[in-house]
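FYI, it's all coordinate maths here, none of it is from the lab. Treat the numbers as computed from the prediction; the structure is a model and nothing was measured. Reconstructed Cβ throughout: ideal geometry from the backbone, glycine too, with neighbour counts over all protein chains shown.
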């Protein structure tokens with residue numbers, strides 16, 4: 001084997017490769033495994049992770065534009081349009097046009113959407129607790145702070161960064 005094939009090396013041998021690469025490798029694996037597990041757990045409610053995330057934003061903030069949803073979910077607008085179509089068809093959200101700008105779409109939860117989100121939230125919280133069961137809160141908080149720093153370096157725009165980090169409309173307003 002050549003050195004080029006193993007260029008990412010942890011000098012302490014604690015990890016299989018350099019800690020920077022290994023950290024991001026673990027993040028991707030956690031994302032994939034958790035979303036796969038959640039998709040299966042949410043299927044009985046007619047949801048998947050992406051639909052759940054959209055319902056969660058609408059539950060927290062009320063009626064929202066597609067731009068706001070994109071900022072809070074880090075999803076592409078084309079993906080959000082498809083998800084919104086699915087949620088409208090399922091009767092979980094309503095879509096209305098903005099009176100001042102007919103190109104602007106406002107999405108809001110229906111009563112069924114609110115109830116579905118409430119039930120899904122129980123599933124998600126139970127899984128999150130299971131996943132983090134042996135991780136002390138102080139370490140969870142430290143990990144969240146590290147990931148916030150990574151996001152600061154990665155987000156494609158200040159609006160995208162603030163939508164995810166602050167998860168508030170005020171954070172979006174301050175970005176503009």
Segment 34-176: C-alpha gyration tensor shape, a/c 1.5 cut-off, then a/b vs b/c: oblate
Point-to-point label distance, residue 110-residue 14, nm (Cα→Cβ direction, 7 Å offset): 5.2 nm
Cα→Cβ-extended label distance, 7 Å offset, between residue 33 and residue 133, nm: 1.4 nm
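For the chain, what is the relative contact order in percent, using Cα pairs closer than 8 Å and at least 6 residues apart in sequence?
It rounds to 18 percent for the chain.
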Helical mean residue ellipticity (222 nm; -39500 (n - 2.57) per DSSP H run of 4+; nearest 500) of the chain: -20500 deg cm²/dmol
Stretchable slack from residue 81 to residue 166, in nm (0.36 nm times residue separation minus alpha-carbon distance): 28.2 nm
Relative contact order of segment 28-105, pairs being alpha-carbon contacts under 8 Å that are 6 or more residues apart, as %: 18 percent
Rg ratio (alpha-carbon, reference 2.2 N^0.38 Å) - segment 72-151: 1.50
